[in-house]
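Visitor: Below are the structure tokens for one structure; questions will follow.
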Amino acid sequence: MVGPGRDGVVARDALRACGLFAGLDDPSIDLVAAALRARRFRRGEVIFHAGDPGEALFIVADGQVKITLPADDGSEPAILTTIGRGGFFGELALLDGAPRSATAVALEATETSVLRRDAFDRLVDTEPALRRALLAALAAEIRRLTAQVEDLHFLDLPGRLARHLLRTIAPGEDGLDGIASGEQRLSWPYTQAELAGMIGGSRQSVNRLLADFVDQGLLRFDDDVLVIPDPRRLAAAARR
């Protein structure tokens, strides 16, 4: 369990940053925090594999995690999404008791707060705000997956790349009104093969496309940071 020291402060901060627990008052936050335990993962460390028992919900206190689907032929896994500070993952297996449907891997040194299934069930039973937040989170995940399928069917590869980057800086927003203005900077932990798997292209085609976007001034790289000088110009590329 998380104690009253630094881990306790980190756990409470993680809960307050997490949309799933945003509606809870301070006493309820303290109740959830008391049920958490801290776990830290090295860069590249597997948090759980697809097929593992679903026994816990993870909240990202610091760092970044990728959720992947392994390929049967041994090729690069498909990346479903990445989750940063304040995000959570592993909730689906807690709800139905089924094995993990995907693999979770730390993209960098990552600190998590872990809520086990028995504690999660008690909290869902007693906290109406948590039930509402959980339903909203599941609805948002369905919308995200639906939008991803739409992109694969109706956009060409440049459009899919642009839309993916825009969703990274403005999750859940597809229209211009929801897109941030001004320069945006993103931590860039992906290999080109991983990015290709996320948007349904080959590594070679994504490599050429990134170079084309850089030549057009839509993107630039500052070491491990991707810079989008004008997100609205990138949005226009997604519609072409």
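The values are calculated or read from the model by the stated rules, or taken from the named source; none is laboratory data. Everything numeric here is computed off the predicted structure, so don't read it as measured data. Neighbour counts run over all protein chains shown; Cβ positions are idealised from the backbone, glycine included. Calculation scope for accessible area: heavy atoms of the full protein, side chains included, ligands and nucleic acids excluded. Shrake-Rupley method; radii C 1.70, N 1.55, O 1.52, S 1.80 Å.
Visitor: Excluding ligands and nucleic acids, what accessible area in Å² is computed for residue 47 using a 1.4 Å probe, to the nearest 10?
Guide: 20
Visitor: Give, as a single signed number, the net charge of other residues whose beta carbon lies under 14 Å from the beta carbon of residue 26, with Lys and Arg counted +1 and Asp and Glu -1.
Guide: Taking every other residue near residue 26 into account, the sum is -2.
Visitor: Ok, one more. Translational diffusion coefficient, Stokes-Einstein: compute it for the chain using the Kirkwood radius over C-alpha pairs as Rh, at 20 °C and 1.002 mPa s, and state it as an integer in µm² s⁻¹.
Guide: Answer, rounded: 112 µm²/s.
Visitor: Each residue of region 86-93 in turn: what ³J(HN,Hα) in whole Hz from Karplus with 6.51, -1.76, 1.60 and θ = phi - 60°, glycine and Pro shown as x?
Guide: Values per residue, Gly and Pro as x: x, x, 9, 7, x, 6, 5, 5 Hz.
Visitor: Using the membrane-span-like helix rule (whole DSSP H runs, Cα extent along the own axis of at least 24 Å, mean Kyte-Doolittle hydropathy at least -0.5), which helices of the chain qualify?
Guide: Span-like helices here: 128-154.
Visitor: I want to check the label-to-label distance for residue 85 and residue 193. Put each point 7 Å from Cα in the C-beta direction and report it in nm to one decimal.
Guide: In this crude spin-label approximation the distance works out to 3.1 nm.
Visitor: Right, next: Along the principal axes of its C-alpha atoms, what lengths does region 20-149 span, in descending order and rounded to whole Å?
Guide: 48, 32, 23
Visitor: Sorted by packing (mean other beta-carbon atoms within 10 Å per residue), highest first, where do 156-165, 213-222 land?
Guide: Packing proxy ranking, top to bottom: 156-165, 213-222.
Visitor: Let me ask another. Relative to the present Cα-Cα distance, how much length would full extension add between residue 118 and residue 39 at 0.36 nm per residue of separation?
Guide: 26.7 nm
Visitor: If the chain between residue 30 and residue 141 were fully stretched, how many nm would it gain, using 0.36 nm times the residue separation less the Cα-Cα distance?
Guide: Length difference between fully extended and current span is 37.3 nm.
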